[in-house]
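The values are calculated or read from the model by the stated rules, or taken from the named source; none is laboratory data. The structure displayed is predicted, hence computed values, not measured ones. Cβ atoms come from the backbone with ideal geometry, glycine included; neighbour counts cover every protein chain shown. For accessibility, only protein heavy atoms count, side chains too; no ligands or nucleic acids. Shrake-Rupley method; radii C 1.70, N 1.55, O 1.52, S 1.80 Å.
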Amino acid sequence: MGHLTATRPLRPWTAPTASDPVSTALRLPGSKSLTARALVLSGLATGPSTLARPLRARDTELMANGLRAMGAHVSISDDERWLIRPHPLAGPAHIDVGLAGTVMRFLPPVGGLADGRITFDGDPQARQRPLGPLLDALRHLGVRITSPASGSLPLTVLGAGSIRGGEVVIDASASSQLVSGLLLAAPRFDRGVVVRHVGPPVPSAPHLRMTVQMLRAAGAAIDDTIPDVWTVEPGPLTGRGWKIEPDLSGAVPFFAAALVTGGEVTVTGWPGGSVQPVERLRGLLQEMGGEVSLSTAGLTVRGTGSVHGLTADLSDVSELTPALTALAMLADSPSRFTGIAHIRGHETDRISALAREFTALGADLTESQDGLAIRPRPLRGGVFETYHDHRMAHAAAIAGLAVPGIELSDVSCTSKTMPEFPALWSAMVTGKS
């Protein structure tokens, strides 16, 4: 299970309460998931790459710094266009993963391709995040790794400049990133890789599809036609221009605000075809009382004046759980979310943290091993601990739209994926940019 620790700065941030329906069109930063994958593929390519409108946030800067530490040239001085020029990977290097699951799971395989000693560590809570299955898989594929018996951070990869590759069995039920980390580096393995997942279903399937699509876009030969088996042939990755979509999961709190206030929110610059799970989100928001449309202006969500309860398996979009839980608190009927046991191993144990903090505000929640049951009733203000978790902060901000006096213990944790969040949120609610 995740690790619940609460730290309370001296000055909590009071979530603004909406007195009118929100009405805004906003340009959001790029997708964290797309940015992270594009960085790794670019660092392993045979030629230079560019990222257009990437996400600049703590997680993606840590990824860029990690690649740079191993020898890649990564220029992120221009917010609109990052440039990556691959170079031979080498140690010694130390990589700070922060609290980023992408960094701690995508870069150890890259470290195995480097020539030299690569060490990894991060925030104290990062040592609680599931990593063991990936390390065992890498060892099976020929990588020398030293780590605690728990299979967690801190760890050292003793890179030999190449990875043998081959077939490997992994239980990735704790995180799809355990598979993505292997696949992203696999074209550079001597024999490629065949990854077989054995165990409970892999969560967040859209993120695995994103990994496969981006590998193909970079020139990799990958076969995912057999369920829970991914085959990557050895071969070069091509440098290219990556156009990063706006972040769907980061947009959800703003879309939720449209439902809560009966307003309208448009995220501009949304592509006609997306590698992110837009259709699943559309269905969930519509069931909860929203209207969702895609036009040349962007992706728009309109509230209808009512928020409805929802019963759903969220295993493929589990990162939406905190925001949807906040919406469910304000609904006109009960909700039940299942399929999310793995989010207990995210930045914090999100199931327990959501139950604890919303209960403290007067909510009626029951947690199960793999989900939450929510029975709406009036909430009151109070301090809401965020546990260094950006999505906990988003949930509190959504509830604060309808409940005066909700104070976030630390809104700065939103810098993990969207440093602009407090300013964008306040401008949306007040109508002042």
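Against the longest alpha carbon principal axis of the chain, how many degrees, from 0 to 90 and to the nearest 10, is the axis of helix 101-113 turned? In the chain, helix 101-113 runs at an angle near 10 degrees to the longest axis. Assuming R0 = 60 Å, can you tell me the calculated FRET efficiency for the pair GLU291 and ARG144, based on Cβ-Cβ distance, to the nearest 0.05? With R0 = 60 Å, the Cβ-Cβ based efficiency is 0.65.
One chain, two ends: THR238 and ASP123. Fully extended at 0.36 nm per residue, the span grows by 38.1 nm beyond their Cα-Cα distance. A Cβ-based charge dipole, computed about the Cα centre of the stretch 363-423 with Lys and Arg at +1 and Asp and Glu at -1, lands at about 200 debye. Derived from the Cα gyration tensor, the three semi-axes of the equivalent ellipsoid of the chain are 36, 22, 20 Å, largest first. Charge tally for GLY91 (other residues, Cβ to Cβ under 11 Å; Lys, Arg +1; Asp, Glu -1): 0. Between the listed residues THR261, MET70, ALA126, the Cα displaced farthest toward the positive end of the dipole of the chain, a dipole computed from Cβ unit charges relative to the Cα centre, is found at MET70. With the whole protein complex present, ILE226 retains an accessible surface near 100 Å², based on a 1.4 Å probe.
Each DSSP beta bridge with both residues in the chain is either parallel or antiparallel, and the antiparallel ones are about 65%.
With no solvent and one equal point scatterer placed on each C-alpha of the stretch 292-349, evaluate the Debye formula and give log10 I(q)/I(0) for q = 0.20, 0.25 Å⁻¹, two decimals. Those come out to -0.86, -1.03, one per q. Each principal axis of the Cα cloud of the stretch 33-83 was evaluated for its coordinate range; sorted largest first, these ranges are 23, 20, 18 Å.
Only lysines eight or more places from LYS243 in sequence, or on another chain, were considered; those with a Cα closer than 22 Å are LYS32, LYS416.
Net charge dipole, the chain: roughly 660 debye, given to the nearest 20, about the Cα centre with Cβ charges of +1 for Lys and Arg and -1 for Asp and Glu.
Which residues does a label at ALA423 reach in the stretch 69-103, if reach means a backbone N under 16 Å from a point 7 Å past the Cα toward the Cβ? Counting backbone N atoms under 16 Å from the label point, the list is 79-80. Could you calculate the FRET efficiency of ASP223 with ARG191 from 1/(1 + (r/R0)^6), where r is the beta carbon distance between them and R0 is 22 Å, rounded to 0.05? The computed FRET efficiency comes out at 0.90. Protection proxy ranking, highest mean first, for peptides 276-283, 161-168, 134-141: 134-141, 276-283, 161-168, where packing is the per-residue count of other beta-carbon atoms within 10 Å, averaged. Evaluated at q = 0.21 Å⁻¹, the base-10 log of the normalised Debye intensity for the stretch 229-302, with identical point scatterers placed on the Cα atoms, takes the values -0.88. Coupling constants for the stretch 25-40 follow from the phi torsions by the Karplus curve (6.51 cos²θ - 1.76 cosθ + 1.60, θ = phi - 60°), and in residue order they are 10, 9, 9, 9, x, x, 5, 5, 5, 5, 4, 4, 5, 5, 4, 5 Hz; glycine and proline get x. For the stretch 136-207, the square roots a ≥ b ≥ c of the C-alpha gyration tensor eigenvalues yield an a/c of 1.5 or more together with a/b not exceeding b/c, which makes the shape oblate. Near GLY382, the amide H atoms lying under 5 Å from its own belong to ILE406, GLU407; only residues 5 or more places off or on other chains count, and H is placed 1.01 Å from N. Placing dummy labels 7 Å off each Cα toward the beta-carbon, the span from ASP96 to ASP115 is 2.9 nm. Charges were assigned to the Cβ only: +1 to each Lys and Arg, -1 to each Asp and Glu. The resulting dipole of the stretch 298-433 about its Cα centre is roughly 380 debye.
For the pair ASP79 and ARG209, label points projected 7 Å from Cα toward Cβ lie 3.2 nm apart.
Of all DSSP-defined beta bridges confined to the stretch 53-160, some 70% are antiparallel rather than parallel. I want to make sure I understand the PRE zone here: with the label point 7 angstrom from the Cα of VAL169 toward its beta carbon, which residues in the stretch 180-217 have backbone N atoms less than 14 Å away? Under 14 Å, as judged by backbone N against the label point of VAL169, lie 195-200 of the stretch 180-217. Shape call for the stretch 293-433 from the C-alpha gyration tensor, a ≥ b ≥ c root eigenvalues: rounded (a/c under 1.5), prolate (a/b greater than b/c) or oblate? Here the stretch 293-433 falls in the rounded category.
Atom-type composition of the exposed protein surface of the chain places 50 percent of the accessible area on carbon and sulfur (1.4 angstrom probe). Structural descriptor for the chain: relative contact order 19 percent, calculated from alpha carbon pairs under 8 angstrom and at least 6 residues apart.
Within 13 Å, Cβ to Cβ, of VAL265, how many net charges do the neighbouring residues add up to if Lys/Arg are +1 and Asp/Glu are -1? Neighbourhood net charge equals 0.
Projecting the Cα positions of LEU314, PRO21, LEU51 onto the charge dipole of the chain (unit charges on Cβ atoms of Lys, Arg, Asp and Glu, taken about the Cα centre) puts LEU51 furthest along the positive direction.
Using the rule -39500 (n - 2.57) for each DSSP H run of four or more residues, divided by the residues of the chain, the 222 nm mean residue ellipticity is -9500 deg cm²/dmol.
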